[in-house]
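Here is the structure we will look at, set down as structure tokens.
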Amino acid sequence: MMLVLRMLLFTAFYLLSPIIIFSQNVYCADDPCLFWEEQPENVDSNLLIYATNQWSIDEWDNISCSFPVQQCENLRIEVYNPDLPLGEKRPLVVLIHGGAFIQGSRAEFRAYAQQLARLGYVAATIDYRLCKRVNCLLYNPLNLCGLNYWADWGTSSYVATLDALTAIKYLQDNAESYHIDPETIIVGGGSAGAWTALQVAYMSQEESDSLPGGIGRKNVWGELPLVSGIKGVFGLAGAMIDTSMIQENENIPTFLVHGKCDFVLCYDFDAPFHCNGQYLHMHGSANIAEHLQTLNHDYYLYTISNGGHNVVEGINGWEDELLRFMRENVICEEPIQKQVVADLNQDSDECLLLPHMIRPDAELVISDTFGVSPSPCEMIVSIEKDIYNEVIVVFPNPIKDILNFKGKEPVDQILIYAVNGTLMNSLNPTEADLEIDVSKYPQGTYIIMLQKGNYVYHRKFVKM
């Protein structure tokens, strides 16, 4: 009787306490298929304005919204989130498009944001201010080296970083409306978006001010918003102006994808488009990963040996690896230092165009990919590995008819509750392997209470 009472009290506390329900331990332990396989919840979408009347990047910076042309912009963001019960939260992934800070839009990552939301994340894809100066408007394949690095690219990357931080802060301020966990944020992007994402994660105002023209950018555009909660970053064919921005106390797990033939932002260290007389040399993904290694920080470098700059579109093999990285190494804080070297079926045009520019592999140990799946996703969870050494697993999830328990030894008691607290079943099993018929349970979410010795653990499953 006392055990049942204790279980009921524990269940009530579980149901009423968001701290327990949505702690990082629940993300990592309750359902290993969360963030890996499609979840049963529907996905909501919203198009929002996160900043109004922001000065355009043009020759008339900050003069007026109407002189000599309309030059103020409203900045938009698309948010995709699972339709969850009130108060339930999920990690946020913010996606930043590429386009050399001159073109592109949030639509580049719309499909990926929708996919992430179906897997259980809250995902947002943002617009940011693009360069509208004459240099930028005239930028074309015949004028690749025609920009002023600091005035055009330096300013644009600063403004993009400011806008991205503003978007993140807006979402944090409205976290409850979109089921966002404001202290578990992953930011990523491609090309210029990767450049921006890395600055969002690692560049402080002081570090920006120390760059040539940095203080001027702050004085014109404003200071970078202070944002907490960034737990991970990924960059697809990105680069950093200075890897020393990554400090010893900033161990943010970093996932990097880069082709060794990348002509736009070099794999290791070169000027954009190899415009060595005009542009600053930048650190590509290989250099960034090597710097992270020297700091003993967490990273995963996915090198595409015969790939060029366009790693976002098409099948390059990094997508499943990134999902695994985000769940296990960012959210669940499993340490990682890893490089994978992948070959595509065909050399990119950039490899064929400039074979003499193909870079050597990063000076890092090469290992295998994670593989197809992080775990048998029909399993909900094993009881605390450090205590029970996987004595029992529960599967499948979601479920239609039969709930299976399988393990090395039986637990002392199993209780199954509906989310309203109704006790659906109570068992004192004598065997580790058993089946429970739940075919007559109403559709919905249920909580399993497992008691072993002095320990009580909760699990949940969805009845379809």
Problem set entry | Among residues of the range 97-152, those that are hydrophobic (A, V, I, L, M, F, W, C), touching a residue at least 40 places away in the same chain (Cβ under 8 Å), out of contact with any Leu (no Cβ under 9 Å at 6 or more places or on another chain) and more than 22 Å from Asn62 (Cα to Cα), counted | 3
Exercise. Quick one: which helices (runs of 4 or more DSSP H) sit completely within the range 95-190 and have at least 2 residues that are of a type in the set (A, V, I, L, M, F, W, C) and crowded, with 17+ Cβ neighbours inside 10 Å?
Worked result: 110-118, 155-173
For this session: Take Val330 and decide whether it is touching a Pro at 6+ places or on another chain (Cβ under 7 Å), assigned to a helix (DSSP H, G or I) and of a type in the set (Val, Ile, Thr).
Result: yes
For this session: Could you please let me know if His283 is in the same structural domain as Pro91 (by TED's automatic domain parsing) and within 14 Å of Gly238 (Cβ to Cβ)?
Result: yes
Problem set entry | Residue that is farthest from Gly259 (Cα to Cα) [pool: residues in the range 333-353 that are part of a loop (DSSP other than H, G, I, E, B) and among the hydrophobic types (A, V, I, L, M, F, W, C)] | Ile336
Exercise. How do the pairs read when you match residues in the range 327-341 that are under 17 Å from Leu92 (Cβ atoms) and in contact (Cβ under 8 Å) with a residue 24 or more places away in the chain with residues anywhere that are of a type outside the set (Ser, Thr, Tyr) and part of a helix (DSSP H, G or I), using Cβ under 6 Å and keeping only pairs 6 or more apart or on different chains?
Worked result: Cys332/Cys28
Seminar exercise, completed: All conditions in (1) over 17 Å from Trp153 (Cα atoms); (2) assigned to a loop (DSSP other than H, G, I, E, B); (3) not acidic (Asp, Glu) are true of Lys231 except (2)
Exercise. Could you list, in sequence order, the residues of the range 322-362 that are in contact with a helix residue (DSSP H, G or I) (Cβ under 6 Å, 6 or more places away or on another chain) and loosely packed, with under 15 Cβ neighbours inside 10 Å?
Worked result: Glu334
For this session: Kindly check whether there is at least one residue in the range 298-316 that is under 25 Å from Trp150 (Cα atoms), in contact with a helix residue (DSSP H, G or I) (Cβ under 8 Å, 6 or more places away or on another chain), assigned to a loop (DSSP other than H, G, I, E, B) and at pLDDT 90 or above.
Result: yes
Exercise. For the range 298-321, how many residues are surrounded by fewer than 18 Cβ atoms within 10 Å (Cβ to Cβ), under 18 Å from Gly193 (Cα atoms) and small (Gly, Ala, Ser)?
Worked result: 1
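The values are calculated or read from the model by the stated rules, or taken from the named source; none is laboratory data. Model, not experiment: these values are computed from the prediction. Every residue, glycine among them, receives a Cβ derived from its backbone with ideal geometry; neighbour counts consider all protein chains shown.
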